[in-house]
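The values are calculated or read from the model by the stated rules, or taken from the named source; none is laboratory data. These numbers were taken from a predicted model, which means no experiment stands behind them. Here Cβ is always computed from backbone atoms with ideal geometry, including for glycine, and neighbour counts include all displayed protein chains.
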Amino acid sequence: MFDKTEDLMAFAKGILAKQTFSTRLGTELVAFSAGHTELALQISEDLLQQHGFVHGGVVAYLADNALTFAGGSVVGDSVTVEFKINYLRPATGPGRLLAVADVIGHGRSIAVARCEIFLVRTDREPELCAMAQGTLKRASRSDAS
């Protein structure tokens, strides 16, 4: 379908650009290849909850989107069937979140992927904040209704 890695990356960036919620948050596609995706999100004050941690819903959004991009890279345009997330430590700013997702296994229309979400700061090693695993399926017209 794609002749070059650049074509695949451009295609994936186009999909991300169509996600209004993702563009509002400033989500960036860092890497995209068959079975692998990396999404990043800059931490800002409006993403924090009352304790000063990045809201769990923001972390879950990033994991869900990375899982779906990874699954979609091997089975085609995909939607999430289910996912589970474990929060390991709070993410606090300044810095950015990096979600790294890889497909564990897949068939023609279903993929299972796992994702690690890191807090990345310039002054220290990345810290693992959360882990997620999900099942993705190729989207169909009935998924839209």
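Among the residues of region 32-52, what is the count of those that are within 11 Å of the chain's Cα centre (by Cα) and without any contact (Cβ under 8 Å) to a residue 60 or more places away in the chain?
As a first pass, look at region 32-52 and keep what is within 11 Å of the chain's Cα centre (by Cα): 32, 36-41.
Then keep just the ones that are without any contact (Cβ under 8 Å) to a residue 60 or more places away in the chain; that gives 32, 41.
Residues in region 32-52 being within 11 Å of the chain's Cα centre (by Cα) and without any contact (Cβ under 8 Å) to a residue 60 or more places away in the chain: 2 in total.
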Among residues of region 34-44 being out of contact with any Gly (no Cβ under 7 Å at 6 or more places or on another chain) and modelled with pLDDT of 95 or more, the residue farthest from VAL103 (Cα to Cα) is SER44
Every listed condition ((1) crowded, with 19+ Cβ neighbours inside 10 Å; (2) modelled with pLDDT under 95) holds for ALA130 save (2)
Being part of a strand (DSSP E or B), in contact with a strand residue (DSSP E or B) (Cβ under 7 Å, 6 or more places away or on another chain) and among the hydrophobic types (A, V, I, L, M, F, W, C) narrows VAL74, VAL100, VAL59 down to just VAL100
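Conditions tested, residue by residue: (1) of a type in the set (Gly, Ala, Ser); (2) within 19 Å of MET9 (Cβ to Cβ).
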residue	(1), (2)
GLY72	yes, yes
ILE85	no, no
ALA91	yes, no
ILE104	no, no
ARG138	no, no
So, first residue in contact (Cβ under 8 Å) with a residue 60 or more places away in the chain in region 66-83, second residue of a type in the set (Lys, Arg), Cβ within less than 7 Å, six or more apart or across chains; the pairs are VAL75/ARG108; VAL75/ARG138; GLY76/ARG138; ASP77/ARG138; SER78/LYS137; SER78/ARG138; VAL79/LYS137
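Kindly provide the set of residues from region 26-56 that are in a strand (DSSP E or B) and either farther than 22 Å from GLY105 by Cβ or among the hydroxyl-bearing types (Ser, Thr, Tyr) (or both), ordered by number.
Step one: filter region 26-56 for residues in a strand (DSSP E or B), giving 28-33, 36-42, 48, 54.
Result: GLU28, LEU29, VAL30, SER33, THR37, ALA40, LEU41, GLN42, LEU48, VAL54.
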With criteria (1) crowded, with 19+ Cβ neighbours inside 10 Å; (2) under 20 Å from SER22 (Cα atoms), VAL103 comes up short on (2)
With criteria (1) over 16 Å from the mean Cα position of the chain (by Cα); (2) part of a strand (DSSP E or B); (3) among the β-branched types (Val, Ile, Thr), VAL81 comes up short on (1)
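Here is a check on your reading of the model: is ALA12 under 21 Å from LEU136 (Cα atoms), modelled with pLDDT under 95 and not in a strand (DSSP E or B)?
Values: under 21 Å from LEU136 (Cα atoms): yes; modelled with pLDDT under 95: yes; not in a strand (DSSP E or B): yes.
In short, yes.
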